[in-house]
Structures are given as structure tokens and as C-alpha cells.
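The values are calculated or read from the model by the stated rules, or taken from the named source; none is laboratory data. Owing to the predicted nature of the structure, the values given are computational and were not obtained by experimental measurement. Counting neighbours? That spans all protein chains shown, and the Cβs are built from the backbone with ideal geometry, glycine included.
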Amino acid sequence: MIKILAIESSCDDTSAAVLWDQTVKSNLIYNQSIHEQYGGVVPEAASREHIKNILPVIDAALKKADTSLQELDAIAYTQSPGLIGSLLVGAHTAKSLSQVLNIPLLAVQHLQAHILSCLIEEPRPNFPFLCLTVSGGHTQLVLCHSASKMEVIGETQDDAAGEAFDKTAKLFGLKYPGGPLVDKYAKEGNPTAFEFAKPKAEGLNFSFSGLKTSVLYFLQKEMRKDDQFIKNNLHDLCASVQKTIVDILLSNLEKAVTHTKVTNVCVAGGVSANSELRQRFENLGKEKNWNTYVPKFEYCTDNAAMIGIVGYYNYLDKDFASFDTPTEARSKF
Ligand code: KG4
Ligand code: ZN
């Protein structure tokens, strides 16, 4: 059995997990609330919070897994992409632990980790599978041939789906990150109350920036007539925006299945926590006879367990990193 400590610090969540092979023994996430007041993640503040929290989170994850540093076989960490200052905190912690303990270091690509979060628990999709990865920074359609061979067949040309949620939520006066709040308010709203633009993109690509502009112009027009418009229509606004985003995502996913003929289909990344996306994806899968997979909630948004699962596959492949492995804000995927 391989015991891995995994660390994730690519953005504003500090997370540590312990895995015994593919089994998650602990997965602790410290969310940084400091960013709420600024309406978005402040990179410098995120790095400082990671520095404060990373050792206590690791300590707590080891305790919860009832293990210790001395029992570990390897350290996995997020190498790219992300905020460089945030990534460096996790990378240097992982590198130091690997040197001190004299155990292998496993460098993990964050987007690959979101995709392989579908493999953390049963039922696991067989390869090849198609994954719609929807997070705050990325929106991609990926054809996964194996745990290490992945092909991007479509991606956003501008904003990511999570950004579309967060930016429209900000227009509604909601706190950052707005995605979960839109989801919450949409539950009591009418999804067909308002119609917003569904921007077009070539092939299997996505576009969301036109949606944000369409919402902005609509709100400006309505607020001139009634300055309480947003307050009085918040639930319907959230439900209508959410429906538009989910429509765009699922219509492209359907095209991708037709194009690839791959019917093992996953949705992963922070936005896969969205209740409407999860429900409509399940329904579409049943209707089309796909095998559908969505990670459980704690593995959707950024977490170290998903870093650990990629680390596990890297370990089996003897794909080890070194102290010189660069940390990269951007990475080709
Ligand atoms: O994967 P993630 O935790 O971080 C990145 O790698 O970006 O995704 C964060 C994104 C944010 O944009 C957040 O608003 C969105 O996921 N999100 C949601 C929900 N939960 C998180 N969006 C819509 N509905 C949700 N329930
Ligand atoms: Zn992420």
C-alpha cells in the first residue's frame, strides 16, 4: 500500500489530504474568507493565508488519517496552473517535506486532478471517457484516453463558467464567490423569467463574456425604471442566469458526445457542485443512455484528495518530480 500526503494551494483554498492507494483517509480544506470583502481573490493575501494555514492543515489531515509524516511514502502537490505565489507555498512545503523525509515528490497538474476526481470513488468511469471540466479559471471538454493521456477537444475562448457565475453574481450585488449563492437563490426562482444571450463559439469551444455583458445591459435598463429591480427579482435573475450557463454547457457536451462517440461522461471542477448542472446532466445521461459520473461535493471544488489521486497514478508510473521541478502559473494542457 502507498501512503501519500497531498497538498493543494493553487488559488484561495489551503488543502491537505492523506490517501492510502486510492482511498481517501482525510481531505481537509481551509477556505480563505478574507477575499469576500474584495469581491475576488487578492493574490498577495492568498499567499499570506496559505503560509499561515498550510502546516496546521497538513497536521490536521495527518491526525484525521491517524498517521504521521514518518509513515508516508510520497508527497504530492499542485505544480500548475494557478496563482504563482499560492502555488509556491504548496510547492516549497512539499519539496521540503520530500527532502527531509527522503521520499518521492509527485508534481500534479491541477486540471488533470479535477478530471481524475471522478476516479476517487466507485462507480469509476472506464477509459476512454469524456470530461466537462468547469471551474473558476477553466472550462474544457477533455477526451481522456488514460490517466495520463488527455486531449482537449474544446475550451472557453474568454471567461470560464465559474467566472460567468461569479461575475454575474457580482452584478447582482452578491459576495465572492457568487456561484454557490446563485445556485442557492435560483432554487426559488423562475428559470424562464428572463432571457439572456447565449454567445456562440466555433466547434466545441465555449464563450461566456457576452452573457455577462447581456446581463449588465439588461440590469442597467431595468434599474433606470426601478432601482429596487435586482432586490425584487433576485431569485428569478439567479435562476435565469444559471439556466443559461447550464444550457450552454450541456448543449456543447451533447455535441462532444456525438463527435467522439464516447458515452462515458463526467462533469468535474468547482461548477460541477451546481445543483441544476448535476440534475440536468443526470437527466440528459438517462435520456441519451450515457454512463454519467459526477464527483461527490467535497471533491468538486479545489481539494487535495484530487491531487493525491493523480499523485497515486504518477507514483505507479514512477513519474517523480525533483527539487528543480518548476512551479508554473500557466501550463499547457
Ligand atoms: O474548481 P474550483 O474550486 O477552483 C478553480 O480551480 O477555479 O472552482 C471554483 C468555482 C468558482 O467560480 C465558484 O463560484 C464555482 O466554482 N462554484 C459554483 C458552485 N460551487 C462553486 N458555481 C455554481 N454553483 C455552485 N454550487
Ligand atoms: Zn480548481
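So the values come out like this:
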{"read-out": "The stretch 120-168, residues that are among the charged types (D, E, K, R) and either in contact with a Phe, Trp or Tyr (Cβ under 7 Å, 6 or more places away or on another chain) or within 16 Å of ligand 1 (Cβ to nearest atom) (or both)", "value": "Glu155, Asp158, Asp159, Glu163, Asp166, Lys167"}
{"read-out": "In the stretch 157-213, the residues that are surrounded by fewer than 21 Cβ atoms within 10 Å (Cβ to Cβ), under 17 Å from Leu250 (Cα atoms) and within 16 Å of ligand 2 (Cβ to nearest atom)", "value": "none"}
{"read-out": "Scan of the stretch 98-118 for residues that are crowded, with 19+ Cβ neighbours inside 10 Å, in a helix (DSSP H, G or I) and more than 16 Å from ligand 2 (Cβ to nearest atom), ordered by number", "value": "Ser98"}
{"read-out": "Single match in Ser15, Ser10 (criterion: closer than 20 Å to Ala147 by Cβ, within 16 Å of ligand 2 (Cβ to nearest atom) and either polar (S, T, N, Q) or without any contact (Cβ under 8 Å) to a residue 12 or more places away in the chain (or both))", "value": "Ser10"}
{"read-out": "Selection status of Gly173, small (Gly, Ala, Ser) and more than 10 Å from ligand 1 (Cβ to nearest atom)", "value": "yes"}
{"read-out": "Scope the stretch 29-40; condition of a type outside the set (S, T, N, Q) and out of contact with any strand residue (DSSP E or B) (no Cβ under 6 Å at 6 or more places or on another chain); matching residues", "value": "Ile34, His35, Glu36, Tyr38, Gly39, Gly40"}
{"read-out": "Selection count where residues are surrounded by 24 or more Cβ atoms within 10 Å (Cβ to Cβ), among the small types (Gly, Ala, Ser) and over 15 Å from Tyr315 (Cα atoms), scope the stretch 63-90", "value": "3"}
{"read-out": "Test: residue in the stretch 250-262 that is at positive phi, over 20 Å from the mean Cα position of the chain (by Cα) and not assigned by TED's automatic domain parsing to the domain that holds Leu106", "value": "yes"}
